[in-house]
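Everything below concerns the one structure shown next.
The values are calculated or read from the model by the stated rules, or taken from the named source; none is laboratory data. Remember, predicted model here, so these are calculated numbers, not experimental data. Positions of Cβ are generated from backbone atoms using ideal geometry, with glycine treated the same way; all protein chains shown enter the neighbour counts. Calculation scope for accessible area: heavy atoms of the full protein, side chains included, ligands and nucleic acids excluded. Shrake-Rupley method; radii C 1.70, N 1.55, O 1.52, S 1.80 Å.
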Amino acid sequence: MRPILEEAKIHPAVRDKIANYRTNIVKEVQDAIAANAIVVVGMRMNPWPKKARKLLDAAGIAYTYIEYGSYVGEWRKRLALKMWSGWPTFPMVFVKGVLVGGAQDLERLIQSGELKKESK
């Protein structure tokens, strides 16, 4: 389990700010995950989200792609997603609601045949 700062260690004056930081973005991704078997969350200009999409396309596996800005644009939205998921990089790949990692992790799942089983 990853460490998360205990609520008791957060001053009451800022708890609400932390609890509600960019919750609309997190909800947007949660809704996509709930409605789709595979979701790739990425960003422009980063080759890894593109690689993940190419892997899925080559394997003939349907997915939904959500993109949040580039390296300098929309970084706050991506930060909220990183804080929510605990995953430090993009893409974030979700299969049936479970974070499976990034492009390299996805590639291993495809090569092992596990993703075909999971995506059905």
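Cβ-Cβ under 7 Å, sequence separation 6+ or interchain: first residue in segment 8-30 and within 25 Å of F90 (Cβ to Cβ), partner assigned to a helix (DSSP H, G or I) and of a type in the set (F, W, Y). Which pairs?
Filtered contacts from segment 8-30: V26/W84.
Might you check whether a residue that is in a helix (DSSP H, G or I) and farther than 19 Å from K116 by Cα occurs anywhere in segment 59-75?
yes
How many residues does segment 24-48 hold that are assigned to a helix (DSSP H, G or I) and within 14 Å of the chain's Cα centre (by Cα)?
Of the residues in segment 24-48, 11 are assigned to a helix (DSSP H, G or I) and within 14 Å of the chain's Cα centre (by Cα).
Here is a list: E74, E114. Which entry is out of contact with any helix residue (DSSP H, G or I) (no Cβ under 8 Å at 6 or more places or on another chain) and either of a type in the set (F, W, Y) or within 19 Å of M45 (Cβ to Cβ) (or both)?
E74
Which count do you get for residues in segment 99-112 that are open to solvent by less than 50 Å² (accessible area, probe 1.4 Å) and out of contact with any Leu (no Cβ under 8 Å at 6 or more places or on another chain)?
Number satisfying all stated conditions: 3.
Sort out which residues of segment 59-74 are surrounded by fewer than 14 Cβ atoms within 10 Å (Cβ to Cβ) and hydrophobic (A, V, I, L, M, F, W, C), and write them in order of number.
Across segment 59-74, the qualifying residues are A62, V72.
Can you tell me which residue is nearest to I38 (Cα to Cα) among those in segment 75-98 that are open to solvent by less than 70 Å² (accessible area, probe 1.4 Å) and of a type in the set (D, E, K, R)?
R78
For G73, indicate whether it is on the phi > 0 side of the Ramachandran plot and of a type outside the set (V, I, T).
Spelling it out, it is not the case that G73 is on the phi > 0 side of the Ramachandran plot and of a type outside the set (V, I, T).
Quick check on segment 21-58: of everything there that is surrounded by fewer than 16 Cβ atoms within 10 Å (Cβ to Cβ) and of a type in the set (G, A, S), which residue is nearest to G113 (Cα to Cα)?
So, considering only residues that are surrounded by fewer than 16 Cβ atoms within 10 Å (Cβ to Cβ) and of a type in the set (G, A, S), the one nearest to G113 (Cα to Cα) is A58.
What is the one condition in (1) within 30 Å of K116 (Cβ to Cβ); (2) out of contact with any Asp or Glu (no Cβ under 8 Å at 6 or more places or on another chain); (3) not hydroxyl-bearing (S, T, Y) that K17 does not satisfy?
Condition not satisfied by K17: (1).
I'm told R15 meets every condition in (1) surrounded by 11 or more Cβ atoms within 10 Å (Cβ to Cβ); (2) within 21 Å of G102 (Cβ to Cβ); (3) of a type outside the set (A, V, I, L, M, F, W, C) except one. Can you identify the failing condition by its number?
Among (1) surrounded by 11 or more Cβ atoms within 10 Å (Cβ to Cβ); (2) within 21 Å of G102 (Cβ to Cβ); (3) of a type outside the set (A, V, I, L, M, F, W, C), the lone unmet condition for R15 is (2).
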